[in-house]
Amino acid sequence: MISITEWQKIGVGITGFGVFFILFGILLYFDSVLLAFGNLLFLTGLSLIIGLRRTFSFFFQRHKLKGTSFFLGGVAIVLLRWPLLGMLLEAYGFVNLFKGFFPVVFGFLGSAFNIPFLSTLFQRLQGSSSSMV
């Protein structure tokens, strides 16, 4: 059984609040303060969940430097109160950072939800995204 420390539990909560503030900031027409607060909470929570060393080693791998620079550059642009441009840069960096996880996610969603149309759609997305990697 996997043991979860108290710091990891706190990190999950902080990450959840970060995602909430990001979505709420987008909903309120890209409010820069909410987006900046959500970004800081998300990155803090992520580092509490997986640890500082693993966070740095994930973001600063040689083949992920392009995605990392766009993602962290987008965070910096949001902090400088240019929310729309910053979120576009973050989204591009997020896709570049996590493009290896997309086939796994689509495969899980295709098998988890046994809805005829959606499971077929997720199976097709899994096949097309695995060919992109």
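General observations
- Helix-only CD estimate at 222 nm, as mean residue ellipticity for the chain, using -39500 (n - 2.57) per DSSP H run (n ≥ 4): -26500 deg cm²/dmol
- Angle in degrees between helix 116-132 and the longest Cα principal axis of the chain, rounded to the nearest 10: 70
- Dipole-positive endmost among Val33, Val12, Phe60 within the chain (Cβ charges, Cα centre): Phe60
- Virtual spin-label span in nm between Ser119 and Tyr29, 7 Å along Cα→Cβ: 4.4
- One quarter of the surface of the convex hull around the alpha-carbon atoms of the chain equals 9.8 nm², the direction-averaged projected area.
- Electrostatic tally near Phe71: other residues with Cβ closer than 11 Å to its Cβ, Lys and Arg +1, Asp and Glu -1, net +1.
- Computed magnitude of the charge dipole of the chain (debye, nearest 20; Cβ of K, R +1, Cβ of D, E -1): 400
- Folded to 0 to 90 degrees: helix 32-50 orientation relative to the chain principal axis, Cα: 60
- Separation of region 70-95 from region 1-63 is 15 Å, based on Cα centroids.
- What the Cβ-Cβ distance of Tyr92 and Arg54 gives, at R0 = 22 Å and to the nearest 0.05, is a FRET efficiency of 0.40.
- Axis of helix 65-79 versus longest Cα principal axis of the chain: the two differ by about 50°, to the nearest ten degrees.
A short reminder: the numbers here are calculations on the coordinates, not readings from a lab. Model, not experiment: these values are computed from the prediction. With ideal geometry, Cβ positions are generated from the backbone for all residues, glycine too; neighbour counts draw on all protein chains shown.
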